[in-house]
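K.L.:
Have a look at this one before I ask anything.
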Amino acid sequence: MPDPDTDATRSALALKLADATLETLRDPRGALLPILHAIQEEMGCIPESVIPAVAERLNLTRAEVYGVVTFYADFRTEPLGRSVVHVCLAESCQALGSAAVADAAKAHLGVDFEGTTADGAFTLRKVYCLGNCALSPSVMIGGDVHGRVSPGAVGELIEAGRAGP
Amino acid sequence: MEVRRLVKMANDIGAFFERGGDAGGVANHIRMFWDPRMRREILVHLDETGGDGLTPIVREALQQHGHELDPGS
Amino acid sequence: MQSITDRDLGTPRPKTTRTVTVEIDHRTVEVPEGSTVMHAAAANGIAVPKLCATDSLEPFGSCRLCLVEIEGRRGYPASCTTPVEAGMKVRTQSERLADLRRGVMELYISDHPLDCLTCPANGHCELQDMAGAVGLRDVRYGYEGVHHLDAETDASNPYFAFDPSKCIVCSRCVRACEETQGTFALTVDGRGFASTIAAGMNEPFMDSECVSCGACVQACPTSTLMEKSVYAHGQPDRTVTTTCAYCGVGCSFKAEVKGTQVVRMVPNKDGQANHGHSCVKGRFAYGYASHPDRITQPLVRASIDDPWKEVSWDDAIAHAASEFKRIRDRYGRNALGGITSSRCTNEEAYLVQKLVRAGFGNNNVDTCARVCHSPTGYGLKTTLGTSAGTQAFDSVEEADVVMIIGANPTDGHPVFASQMKRRLRAGARLIIVDPRVIDLVRTPHVQADHHLQLRPGTNVAVINGLAHVIVTEGLTDDAFANERCDPDEYAEWKAFVSHEKYSPRNVERMTGVRAETLRRAARLYAKGPNSAIYYGLGVTEHSQGSTMVIGMANLAMATGNIGREGVGVSPLRGQNNVQGSCDMGSFPHELSGYRHLSDGETRRLFQQDWGVEIDPEPGLRIPNMFDAALDGSFKGMYIQGEDFVQSDPNTQHIEAAMRAMECVIVQDLFLNETAKFAHVFFPGATFLEKDGTFTNAERRIQRVRKIMPPAAGMADWEVTQAFSNAMGYPMRYAHPSEIMDEIARLTPTFRGVSFETIDRLGSVQWPCNDAMPEGTPTMHVGGFVRGKGKFVVTEYVETDERSSRRFPLLLTTGRVLAQYNVGAQTRRTPNREWHDEDILEIHPHDAEQRGIADGGLVSLASRVGDTVLKARVTERIQPGVVYTTFHHPLCGTNVVTTENSDWATNCPEYKVTAVEVAPVTRLSEWQEQYRDFTRKQEDLLRERASVRT
């Protein structure tokens, strides 16, 4: 069985997704974005190692594809952790101390914003408003929103949200 | 000069003019582009061997137009 | 950094003659329709501050510095993206605009190091200039926040550094890579404040797709992308406009100089062949001119086994002349000959052939075009009447269909390739006829419609097959052909190509090109409406090289694709002055302007001017000279700037011929392979060290201007003149312009050419005479030079060089971007970092059969010799064919190539050699001998000083 993590296997999968996407399009020009979406959907991210193969298929340079991938905030080159920790940094939460909550989350996880823990369990991200302003500061862990989170409590909440591998 | 090479060069020219059977074209090309010593040597080769290795059109060109090719004439 | 003398109008000049009237800063001005406000202002001396705009690139509108006020419009439009309209009233200066611009500059400077005094761009930095122009006095934001000031410099490229701490992310580099060069190797990584410029996927430049053309360096407004030579030497203080001494594109450059030190070479925006662009060779690889290997003292020796002796110019010339006179007295005048150089100037080539004809008294003169484009001369003269290409490079911008046959423009003629790629990206269709998958078959944003991947040696069958489809499907332009050409010959040609022998099915059997591909390509070419053929040595270097040139001309005439812009038959000529050296009468059968010696009228003209009798018989061609040397009738050779021991086929045959001669004089920059067999060495001058002219592939004559004195004290033309005087034939030129005046006097197509004309027009394309006083960009407009165009039937004759059981593969040869010809120049520059040895390309199927691994050593053997080099296993090459280059002497490619040659011109058949390839572990016997011989010759050169003292 091939190792699913090898670059060659990933590139082959990315090309399959690219070809499937190309079949649905009338004009191959402008195919890059739909293809990148398809890859991220299927593979969880757009690994840098697949970029050269995608570029070759579309007769673009890897610089061009890399530029597009890094331009859009939604495209990621690394997979997200199994749980995503969103700390809200919008006005209401900031007013009630979410910066300190964020610092505590960073300290607990040992990563900065957009970082993923070494064990792949968590990715820390910021978000601007979870619609939970009445209960600021808010944190969302694996889809569950928590209100009135204190810096001291955020570590425990995170651990409760740990998803199995 | 090595006759083998002159024969090859002459035959290459012959191949171009072969289709129209244009022996005059072969002779003219040799006249226009070959140094006199090369022309002399291919004519000597024709005299001495009857044109060993030459294709028919080249032999014809040298036989019919030899006087124009001979730098001594 | 742009040239220090360039004036930047911000956005490109529109291509129109229509104008509109606008008012800028209360001045009424008339400007080209479609100009941007910025361009209109700048063209009238009003500089609007700008950073992201430059007139070599399309407007971008990102820096927000060029804002203006336009009456009746709200806000502050960017002048770089706003087109002028009739009656528009523009203000480029106001208090509000000054505030806005200062604000923008303040933001830029808040993330820019303030180390101007130690910055390499100091004095020619656009950011510095703009800070001054807007009156920036203070940055209120401080420098403590997040910034890019610690970004690390990427110095991986040998010629330029990338220092992102200086970057303002204006994207000029990214756009230059796309628009100017067409490589798309750069991008913006990320967005917003975090955005940075990246090569490839944020890789070192050397690992990315970058081809080191330097367009980004030229476009950069700061020192972010900067030549390392500017770091080393500081800013230049003057510019000298000259012409590149590499390929036949003939790029015009501004050499930027400090004293006599070349600081950098900047392609000339006004250059009519290159329009401000260049490649890695022209812009960067000039360091050979100051390489320690240069020999700057004349050398003599009695035999090639003796050490060299350094002597004065007078002694060297006297010795050479006495040797040549001795040979003439003993063996007769026909035992001497000379070779003109396609790397030297027109004036120098002219002088060498004059020395041979007038001084030696024979016509044994030839030039390196013998081994490259001599079939072009023969084929185009026969059919159209002129031994030169029909178009200017700019013509490609009007082409709808481009057909490239046996040429690899992205490697061999990179600057024209960029222009061509621009046209292809804009929608022109592309047909490629080549045994190998060259880059243009598929490269980012360019994809050939049809690749006719023929077997080497079958060109003529393919061209006949294309003609067959076009004629039998009624796609010819009969009205054009019948009117402009001889109708009987046209009818005969049509009958010839219509024969079943050249049906697509039969052609497929002969060439390997699929019948359907051939049909489609033929229809596409015929449909045009503007179809242009570009070709290279893949056409000429064959046993039927001349036939193929004729075949292409036939096809162009039959479809009406000749005599206007966008069409034609254009040779991409190899060396900088190969067109010129041919024009100058370097061939043994003709005088300047391609007039055969048998023409008494022409001979009389020269006899009168030169005061000597001219032998009416043609002399020896280069390969004939070797044969004559071996039979003992050719003993003395004066070789200016050519290295045929490396460049010409069947090396061992040539080495034997060299050893058989009694006096070989080599005039060159270095002790090249040929000079190792020489008895007299005249040190040559580089293009930086002399005045003269080069003529490029589009017949464009351009000036070469002296920047520094010759390293050896004499320019090449002065040496030839001194040698001629010593031989007893007087020459008295005080300056190369006087030589050009003589050429013009004696050559009808050059009648109007003079240094003064060229200086006035920038360049001039011959014919230049009373009828066309400013030159002729497009040939054969309204009628052919020879009168009626001549159709000649082109029977396909299979080459004698066929694969056999012993030699089952076919070798074909080519070039790479980083190296030039024998590599004597480029091997002595950092270009070696891209290409340090010749590599044999072999198809995976053939490699597997022979147990050859990628990167492994293999022997390459033909019936005449064998050599050893590394293999690259690749599908670029078809099964049954192998490919390599000949840039490195030790790799010995031409030990393998044979003496087979074009039937009409003796141009060697470099493109087809039957070979076998096998894995080996050590070098070939020839290579061992070569190493020993080279070591010995280098010792003999090193010992020279001790002999002198």
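K.L.:
Extending each Cα 7 Å along its Cβ direction at C:Val240 and C:Ala918, get the distance between those two points in nm, one decimal.
P.N.:
About 5.5 nm, to one decimal.
K.L.:
With label points built 7 Å along Cα→Cβ from the Cα atoms of C:Thr196 and C:His291, find their separation and express it in nm.
P.N.:
Result: 3.6 nm between the two label points.
K.L.:
About the Cα centre of region C:627-671, what is the dipole size in debye to 20, counting +1 per Lys and Arg Cβ and -1 per Asp and Glu Cβ, all else neutral?
P.N.:
Magnitude of the dipole: close to 120 debye.
K.L.:
Oh, and also: Please list, by residue number, everything in region C:649-690 whose backbone N is under 19 Å from a paramagnetic label point 7 Å out along Cα→Cβ of C:Thr260.
P.N.:
Within reach of a label on C:Thr260, which here means backbone N under 19 Å from a point 7 Å along Cα→Cβ, region C:649-690 contributes C:668-670, C:683-690.
K.L.:
Projecting each Cα onto the charge dipole of region A:23-80 (Lys/Arg +1, Asp/Glu -1 at the beta carbon, about the Cα centre), which of A:Ile46, A:Leu58, A:Ala73 comes out farthest on the positive side?
P.N.:
In region A:23-80, that residue is A:Leu58.
K.L.:
So what is the diffusion coefficient of region C:122-209 in µm² per second by Stokes-Einstein at 37 °C and 0.692 mPa s, using a Kirkwood Rh over Cα pairs?
P.N.:
The Stokes-Einstein estimate is 222 µm²/s.
K.L.:
Using a 1.4 Å probe over the heavy atoms of the protein chains, calculate the carbon and sulfur portion of the accessible area of region C:42-135 as a whole percent.
P.N.:
51
K.L.:
Residue by residue through region A:67-81, which ³J(HN,Hα) values in whole Hz follow from phi under the Karplus form 6.51 cos²θ - 1.76 cosθ + 1.60 (θ = phi - 60°), with glycine and proline marked x?
P.N.:
My calculation for region A:67-81 gives x, 5, 4, 7, 5, 7, 5, 6, 7, 10, 9, 10, x, 6, x Hz in order.
K.L.:
Order the following by accessible area, largest value first: C:His542, C:His124. Probe radius 1.4 Å; ligands, DNA and RNA are ignored.
P.N.:
Descending accessible area places them as C:His124, C:His542.
K.L.:
How about C:Lys501: which lysines have a C-alpha closer than 29 Å to its C-alpha, ignoring those fewer than 8 places off in the same chain?
P.N.:
Cα-Cα hits under 29 Å: B:Lys8, C:Lys381, C:Lys527, C:Lys788, C:Lys790, C:Lys911.
K.L.:
Based on Cβ point charges of +1 for Lys and Arg and -1 for Asp and Glu, what charge dipole magnitude is obtained for region C:809-936 about its Cα centre, in debye rounded to the nearest 20?
P.N.:
420
K.L.:
Charges only on Cβ, +1 for Lys and Arg, -1 for Asp and Glu: so what's the dipole of region B:3-69 about the Cα centre, in debye to the nearest 20?
P.N.:
About 200 debye.
K.L.:
Considering the options C:Val352, C:Thr410, C:Val396, tell which one lies farthest towards the positive end of the dipole of region C:326-450, charges being +1 on Lys and Arg and -1 on Asp and Glu at the Cβ, about the Cα centre.
P.N.:
C:Val352
K.L.:
Quick check: with the 1.4 Å probe, what order do C:Asp150, C:Asp306 take by accessible area, largest first?
P.N.:
Listed by decreasing accessible area, they come as C:Asp150, C:Asp306.
K.L.:
Roughly how much accessible area, to the nearest 100 Å², goes out of reach of solvent when B and C pair up, both sides summed, probe 1.4 Å?
P.N.:
Roughly 2400 Å² of accessible surface disappears when B and C pair.
K.L.:
Residues of region A:27-55 with the amide nitrogen closer than 15 Å to a label point 7 Å from the Cα of C:Gln447, along Cα-to-Cβ, please.
P.N.:
Within reach of a label on C:Gln447: A:27-32, A:54-55.
K.L.:
Here's something else I'd like to know. Pop a pseudo-label 7 angstrom from the Cα along the beta-carbon direction at both C:Tyr141 and A:Asp27 and give the gap in nm to one decimal.
P.N.:
3.8
K.L.:
With axes computed from alpha carbons, what is the tilt in degrees of helix C:459-472 against the longest principal axis of chain C, rounded to the nearest 10 within 0 to 90?
P.N.:
Tilt of helix C:459-472: around 70 degrees.
K.L.:
Heavy-atom accessible area per residue, the protein assembly as shown, 1.4 Å probe: how many Å²?
P.N.:
On a per-residue basis, the protein assembly as shown sits at 37 Å².
K.L.:
Could I ask something else about it? For region C:809-936, which whole-number percentage of the solvent-accessible area (1.4 Å probe, protein heavy atoms only) is attributable to carbon and sulfur atoms?
P.N.:
For region C:809-936, the apolar C and S fraction of the accessible surface comes to 48 percent.
K.L.:
Next question. For chain C, take the longest principal axis of its alpha carbons; what is the angle in degrees between that and the long axis of helix C:716-727, to the nearest 10 within 0 to 90?
P.N.:
For helix C:716-727, the angle is close to 30 degrees.
K.L.:
With every protein chain left in place, what is the accessible area of C:Lys788 in Å² (1.4 Å probe, nearest 10)?
P.N.:
Its accessible surface works out to 100 Å², give or take rounding.
K.L.:
C:Arg745 accessible area, nearest 10 Å², 1.4 Å probe?
P.N.:
120
K.L.:
How high is the FRET efficiency from C:Ala515 to C:Arg91, r the C-beta distance, R0 56 Å, rounded to 0.05?
P.N.:
Once the sixth-power term is evaluated, E becomes 0.25.
K.L.:
Multiply the residue separation of C:Ala98 and C:Arg659 by 0.36 nm, subtract the distance between their alpha-carbon atoms, and state the gained length in nm to one decimal.
P.N.:
194.3 nm
K.L.:
Lys/Arg Cβ at +1, Asp/Glu Cβ at -1, dipole of region C:19-134 taken about the Cα centre: which of C:Leu100, C:Cys119, C:Ala42 is farthest positive-ward?
P.N.:
After comparing all options, I get C:Leu100.
K.L.:
In whole angstrom, note down how far apart the Cα centers of region C:877-917 and region C:672-751 are.
P.N.:
Region C:877-917 and region C:672-751 have Cα centres spaced 32 Å from each other.
K.L.:
Roughly how big is the A-C contact, given as buried accessible area in Å² (both sides, 1.4 Å probe, nearest 100)?
P.N.:
1500
K.L.:
Further question: Stokes-Einstein diffusion coefficient for region C:19-134 at 4 °C in a medium of 1.567 mPa s, Rh from the Kirkwood formula over Cα pairs: what value in µm²/s?
P.N.:
In µm²/s, the coefficient rounds to 87.
K.L.:
Using a 10 Å Cβ count of at most 13 others and DSSP loop calls, identify the longest part of chain C lacking such GluC sites (Glu not before Pro).
P.N.:
C:153-472
K.L.:
Rounded to whole Å and sorted largest first, list the principal axis extents of the Cα atoms in region A:7-71.
P.N.:
29, 21, 18
K.L.:
So, in Å, what gap is there between the alpha-carbon centers of region A:1-66 and region C:177-195?
P.N.:
So the separation of the two Cα centres works out to 20 Å.
K.L.:
C:Lys706: which lysines have alpha carbons under 21 Å from its alpha carbon, excluding same-chain residues fewer than 8 sequence positions away?
P.N.:
C:Lys254, C:Lys258, C:Lys269, C:Lys281, C:Lys690
K.L.:
Give the ranking of C:His887, C:His735, C:His843 by solvent-accessible surface, highest area first, calculated with a 1.4 Å probe.
P.N.:
Result, largest first: C:His735, C:His843, C:His887.
The values are calculated or read from the model by the stated rules, or taken from the named source; none is laboratory data. Keep in mind that this is a model prediction, so the values were computed, not measured. Please note: Cβ atoms are built from the backbone with ideal geometry, for glycine as well, and neighbour counts cover all protein chains shown. Heavy atoms of the whole protein, side chains included, go into the accessibility calculation; ligands, DNA and RNA do not. Shrake-Rupley method; radii C 1.70, N 1.55, O 1.52, S 1.80 Å.
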